[in-house]
Structures are given as C-alpha cells and as structure tokens.
Amino acid sequence: MTLSASPKTIGHYAATATRAFAIAAVVVSLGACVHHRPQKKKLAEEAQMAPSKVTQIGVNSYLWRATLDTLSFMPLLQTDSNGGVIVTDWYANPKNPGERVKVTVSILDQDLRADAVRVAASRQVLQGSVWIDAPVEAATVQRLEDVILTRARDLRRKTIRG
C-alpha cells in the first residue's frame with residue numbers, strides 16, 4: 001500500500017511546521033532573557049549577601065577599598081589584593097618635614113569584622129641628616145584601624161541602599 005498526499009496537504013503540513021518552528025524559536029529566545037537580570041537588581045542581591053560572598057579578591061572588598069581610600073594621601077609601595085597587604089612608602093607631612101611615617105595594613109579575613117584588619121606603623125624623626133626610628137603611639141595605630149573599619153562599614157551601607 002502506498003501513501004500519497006496531495007500538494008494541498010503537504011503545503012498545510014509545511015505551513016504548520018513553519019509556524020511551530022517560529023513559535024519554538026520565540027519561546028526559546030524569551031526563555032534566554034529570563035537569565036539576564038538588570039545590573040542594579042544583581043548588585044542589590046549581592047549587597048544582601050554576607051560580606052565575604054561579595055568579594056572578587058582574596059580579602060573583604062569593603063576593607064580593601066576602605067584601606068586604599070584611607071591611605072590615599074600616602075605613596076603606595078606594595079599592594080596585594082589576594083594576600084590582603086598594603087604597604088605605603090615613607091610619608092612626611094609637609095607641615096612637619098622632620099618626621100615621616102610608613103604604614104602596613106593586613107586584611108586577615110573575607111568577612112567585614114573588627115579583627116579582620118591589622119595596622120602596623122613605623123615612625124622616624126630627622127636628627128641632623130639621619131633618620132632615627134621613633135616609637136609610634138598605640139592610639140595612633142588603633143585610630144587608623146577605626147577609620148578603616150568605619151569607612152568599610154559606610155561603603156557596605158551605601159552598597160546595600162543602592
């Protein structure tokens with residue numbers, strides 16, 4: 001037995017298949033759009049995550065940015081975002097050129113916590129033509145840590161609010 005179809009029937013099947021293919025293409029392309037969220041919504045969702053989940057570097061990104069902002073007036077000697085270390089070069093305040101300071105900040109964790117940042121400072125005073133090591137007050141180091149932490153919290157709040 002032989003099956004045969006008339007040209008009219010073949011045209012009808014071809015038109016139906018073409019329509020089905022077009023509808024499937026539209027559905028697939030619309031389905032692909034679902035995965036693309038607006039950037040602002042994505043940022044808001046990231047801001048609600050734990051601070052350690054937002055980072056793209058080895059340490060907490062808020063602490064990293066806050067440290068760079070806080071030390072922006074000093075020349076940087078070394079930065080390592082994966083290891084979380086920022087080392088400045090010697091900085092002398094123009095109002096007090098006989099004294100200079102060098103700072104090393106270590107970010108120790110991916111979470112935004114008070115114990116995740118450690119500051120070490122060195123101070124020298126000029127005596128004659130020679131720089132002599134001098135003590136750094138513990139309050140100075142503590143104050144610098146507090147400024148960095150406050151700035152990091154402000155950055156996080158700003159990100160969450162959008």
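List of remarks:
- Legend: calculated FRET efficiency, TYR91 to ASP69, from the Cβ-Cβ distance at R0 = 22 Å, rounded to 0.05, equals 0.90.
- When GLU145, GLU137 are arranged by Cβ crowding within 10 Å, least crowded first, meaning fewest neighbours, the order is GLU137, GLU145.
- Sum of side-chain charges, LEU155 neighbourhood, beta-carbon under 10 Å (Lys, Arg +1; Asp, Glu -1): +4
- As a proxy for reagent exposure, ARG100, ARG143 were ordered by neighbouring Cβ count within 10 angstrom, fewest first; the result is ARG143, ARG100.
- Cα-projected label distance for LEU76 with ARG113, points at 7 Å along beta-carbon direction, nm: 2.6
- Taking amide H as placed 1.01 Å from N in the peptide plane, the amide H of VAL85 sits under 5 Å from that of ASP80, ILE107, each at least 5 places away or on another chain.
- Percentage relative contact order, region 55-161, counting C-alpha pairs under 8 Å, at least six apart: 25
- In a DSSP loop and with at most 16 other Cβ atoms within 10 Å, the chymotrypsin sites (Phe, Trp or Tyr not before Pro) in region 75-162 are TRP90.
- Working note: Karplus 6.51/-1.76/1.60 with θ = phi - 60° gives region 72-87 the couplings 4, 7, 9, x, 8, 9, 8, 9, 9, 6, 6, x, x, 10, 10, 10 Hz, where Gly and Pro are set to x.
- Point-charge dipole on Cβ atoms (K/R +1, D/E -1) for region 55-161, about Cα centre, debye to 20: 440
Here, each number is a calculation from the coordinates, and none is a lab measurement. This is a predicted model, so every value here is computed, not measured. All Cβ positions, glycine included, derive from the backbone under ideal geometry; neighbour counts span all protein chains shown.
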